[in-house]
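Novice: Pasting in a structure now, in structure tokens, and then I'll have a few things to ask.
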Amino acid sequence: MSTLITNIAELMTQDAEHRVLRDAAVVIEGERISWLGPAADAPAADERVDAGGRALLPGWVDSHTHLIFAGDRTAEFEARMAGQSYSAGGIAVTTGATRSTSDFDLTRLAMGRVAEAVAQGTTYLETKTGYGLDLENEARSARIASTVADEVTYLGAHLVPAGTDAEEYTELVCGPMLTAVRPYVRWADVFCEQGAFNEDQSRRVLQACKDAGLGLRVHGNQLGEGPGVRLAVEFGAASVDHVNYLSASDVDALATSWSGWDAASGSGTRGTVATCLPACDLSTRQPLAPGRELLDAGVQLALASNCNPGTSYTSSMAFCVTTAVLQMRLSVHEAVRAATYGGALALGRESGNDFDGERAVGSIAVGHRADLHLLNAPSATHLAYRPGIPLTHAVWRAGVAQAVR
């Protein structure tokens with residue numbers, strides 16, 4: 001079955017050539033993109049969709065979420081808005097609610113959050129464990145996550161549970177808990193931050209997970225300068241996320257990690273992506289991550305929602321893009337790229353084609369997965385020009401049209 005989407009006013013490919021096509025068309029065959037180019041040259045297809053002069057983007061790639069949870073942290077949010085500072089301790093509230101919720105309800109809740117994200121244009125999504133924080137519940141979270149998300153990250157090192165010795169818990173994270181989650185996860189993460197895991201503990205977690213064959217990510221430099229960025233680069237982590245407080249040496253380390261990468265062609269030795277989480281920054285009243293400085297230094301950037309119940313209860317990638325343009329000084333093209341190609345890069349899914357069977361996401365090119373987001377606007381500029389207006393008109397995920405509310 002093939003589908004021709006034509007009469008596209010603006011097609012922002014986010015491919016290696018950064019092309020923006022006018023009066024364009026795309027053909028989907030199965031789950032892949034089989035053709036794109038001028039609408040006048042489009043081949044015939046089994047089905048025809050008239051885009052009506054709207055803009056077409058790659059689907060959002062949300063590379064950082066925490067969707068496996070139960071409970072509510074409205075009181076914490078209200079207190080923070082009244083002036084109370086954020087600390088990592090609020091995670092414990094969600095842990096209690098999550099542990100007491102059945103598998104069925106945890107799955108149902110997570111599926112609802114995924115559906116909400118997809119309806120807003122997200123077509124590829126990562127989520128983490130981290131609200132179980134014991135062997136049984138982390139394994140359960142990983143198993144449930146593997147049924148609802150495209151990528152799963154082990155975050156047993158989210159917080160040391162109250163009443164637990166930090167060293168003993170770190171050993172559990174590096175040993176039996178890691179073994180229990182391993183069949184369900186591709187990545188591992190650690191919250192390297194004051195009030196969570198210190199440098200030595202983070203290093204042990206990263207080394208154990210690396211030895212187990214997992215890709216690495218780091219929560220780092222959210223509440224102040226610290227070792228998170230340095231550890232992420234040292235271990236060759238795919239991303240370091242939050243990055244609100246960066247020293248000059250942090251920025252330089254991230255930039256240097258990309259020195260062997262050809263940004264124009266998307267080839268060479270990958271570095272560590274800096275993932276900015278602007279919705280979280282606004283909710284915690286932290287300074288926004290220095291996205292402009294990072295891009296200017298040559299760092300590859302991603303934007304993600306950080307959807308979670310405590311500090312960023314939103315799955316709106318459009319909101320993150322809008323914030324990046326209006327408050328982080330990114331251009332519309334840069335922000336959309338960070339929310340599509342950048343997220344794919346942070347998940348190691350920016351490349352792949354018909355030949356290797358691992359189709360790329362986050363960009364529109366022949367052979368890539370047909371993850372498409374049609375806006376109810378003639379250009380992507382409207383994402384920032386009309387902040388807060390829901391602009392998703394249609395979504396295709398792996399070539400399948402999705403329900404849009």
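Novice: If you bin every alpha carbon distance in the range 132-175 into 10 Å steps from zero, what whole percent lands in each bin?
Specialist: 28, 50, 19, 3
Novice: Counting just the Cα atoms, what span does the range 319-405 cover along each of its three principal axes? Round to the nearest Å and put the largest first.
Specialist: So the three principal-axis extents are 40, 28, 18 Å.
Novice: Can you give me the C-alpha center-to-center distance between the range 355-405 and the range 1-52, rounded to a whole angstrom?
Specialist: Each part reduced to its Cα centre gives a spacing of 12 Å.
Novice: Return the Rg/Rh value of the range 1-81, two decimal places, where both radii are evaluated on C-alpha atoms and Rh is the Kirkwood radius.
Specialist: Values: Rg = 19.2 Å, Rh = 15.3 Å.
That ratio equals 1.25.
Novice: Ranked by accessible surface with a 1.4 Å probe, highest first, in what order do Leu277, Leu326, Leu288 come? Working shown, then result.
Specialist: Numbers: Leu277 0, Leu326 105, Leu288 45 Å².
The ranking, largest first, comes out as Leu326, Leu288, Leu277.
Novice: Just want to confirm a number: the relative contact order over the range 249-405, from Cα pairs under 8 angstrom separated by 6+ residues, in percent. Please report the intermediate quantities before stating the final value.
Specialist: Working: 265 pairs, mean separation 23.9, N = 157.
Once divided by the residue count of the range 249-405, the mean separation gives 15 percent.
Novice: Still on this structure, I have one more. Could you report the accessible area of His368 in Å², rounded to 10, computed with a 1.4 Å probe on the protein chains as they sit in the structure?
Specialist: Ignoring ligands and nucleic acids, His368 comes out at about 30 Å².
Novice: Rank these by accessible area, largest first, 1.4 Å probe: Tyr313, Tyr385, Tyr131. Working shown, then result.
Specialist: Working: Tyr313 135, Tyr385 165, Tyr131 5 Å².
Per-residue accessible area, sorted high to low, gives Tyr385, Tyr313, Tyr131.
Novice: Note the full-extension length gain between Gln327 and Ser102 as 0.36 nm times their separation in residues minus their Cα-Cα distance, in nm to one decimal.
Specialist: Values: separation 225, 0.36 × 225 = 81.00 nm, distance 4.05 nm.
Working it through step by step, the gained length comes to 77.0 nm.
Novice: Here's something else I'd like to know. Please report how far the C-alpha centroid of the range 229-255 lies from that of the range 86-137, rounded to the nearest whole angstrom.
Specialist: Going from one Cα centre to the other spans 26 Å.
Novice: For the range 73-129, just the Cα atoms, rotate onto the principal axes and tell me the three extents in Å, largest first.
Specialist: So the extents along the principal axes, rounded to whole Å, are 35, 29, 16.
Novice: Something else about it: If you take every DSSP beta bridge fully contained in the range 1-110, what fraction is antiparallel? Give it as a percent rounded to 5.
Specialist: Working: 14 of 21 bridges.
Here the antiparallel bridges make up roughly 65 percent for the range 1-110.
Novice: Run lengths n ≥ 4 of DSSP H only: what is the helix-derived mean residue ellipticity at 222 nm for the chain, with -39500 (n - 2.57) per run over all residues, to the nearest 500? Write out the running numbers ahead of the final one.
Specialist: Details: 15 runs with 135 residues, N = 405.
Using -39500 (n - 2.57) per qualifying helix, the result is -9500 deg cm²/dmol.
Novice: Continuing with the same structure: Only Cα pairs under 8 Å and at least 6 apart count here; give the relative contact order of the range 46-155 as a rounded whole percent. Intermediate results must be reported in sequence, preceding the final value.
Specialist: Numbers: 138 pairs, mean separation 37.4, N = 110.
After rounding, I find 34 percent.
Novice: Determine the relative contact order of the chain: mean sequence separation of Cα pairs under 8 Å and six or more apart, normalised by residue count, in whole percent.
Specialist: 20
Novice: Continuing with this model, one more query. From Cα coordinates alone, what are the radius of gyration and Dmax values for the range 169-273 in angstrom?
Specialist: Gyration radius and largest Cα-Cα distance of the range 169-273: 14.1, 44 Å.
Novice: Using bins 10 angstrom wide from zero, how does P(r) for the range 343-393 break down, in % of all Cα pairs?
Specialist: 25, 35, 30, 10, 0
Novice: Rounded to the nearest 10 Å², what accessible area does Phe197 have for a 1.4 Å probe in the complete protein model?
Specialist: 0
Novice: Give me the one-decimal Kirkwood hydrodynamic radius in Å for the chain, with the sum taken over alpha-carbon pairs. Please report the intermediate quantities before stating the final value.
Specialist: Working: mean 1/r = 0.0472 Å⁻¹.
Answer for the chain: a Kirkwood hydrodynamic radius of 21.2 Å.
Novice: Something else now. To two decimal places, what compactness ratio does the range 1-156 give when its Cα radius of gyration is scaled by 2.2 N^0.38 Å?
Specialist: On the way: Rg = 21.0 Å, N = 156, 2.2 N^0.38 = 15.0 Å.
Dividing the Cα radius of gyration by 2.2 N^0.38 Å gives 1.40.
Novice: What is the ratio of the Cα radius of gyration of the range 231-316 to 2.2 N^0.38 Å, with N the residue count, to two decimals? Before the final figure, lay out each step's value.
Specialist: Details: Rg = 13.4 Å, N = 86, 2.2 N^0.38 = 12.0 Å.
Here the Cα radius of gyration is 1.12 times the empirical estimate.
Novice: Which semi-axes, in whole Å and largest first, does the equivalent ellipsoid of the range 101-212 have when worked out from the alpha carbon gyration tensor as the square roots of 5 times its eigenvalues? All intermediate terms of the calculation are to be shown ahead of the outcome.
Specialist: Working: eigenvalues 129, 42, 34 Å².
Sorted largest first and rounded, they come to 25, 14, 13 Å.
Novice: Taking a probe of 1.4 angstrom, what is the accessible area of Arg359 in Å², to the nearest 10?
Specialist: Approximately 50 Å² for this residue.
Novice: Give me log10 I(q)/I(0) at q = 0.10, 0.24 Å⁻¹ for the range 276-372, Debye formula, one equal scatterer per alpha-carbon, no solvent.
Specialist: Once normalised to I(0) and log-transformed, intensities are -0.29, -1.18.
The values are calculated or read from the model by the stated rules, or taken from the named source; none is laboratory data. Since this is a predicted model, take the numbers as computed values, not measurements. Heavy atoms of the whole protein, side chains included, go into the accessibility calculation; ligands, DNA and RNA do not. Shrake-Rupley method; radii C 1.70, N 1.55, O 1.52, S 1.80 Å.
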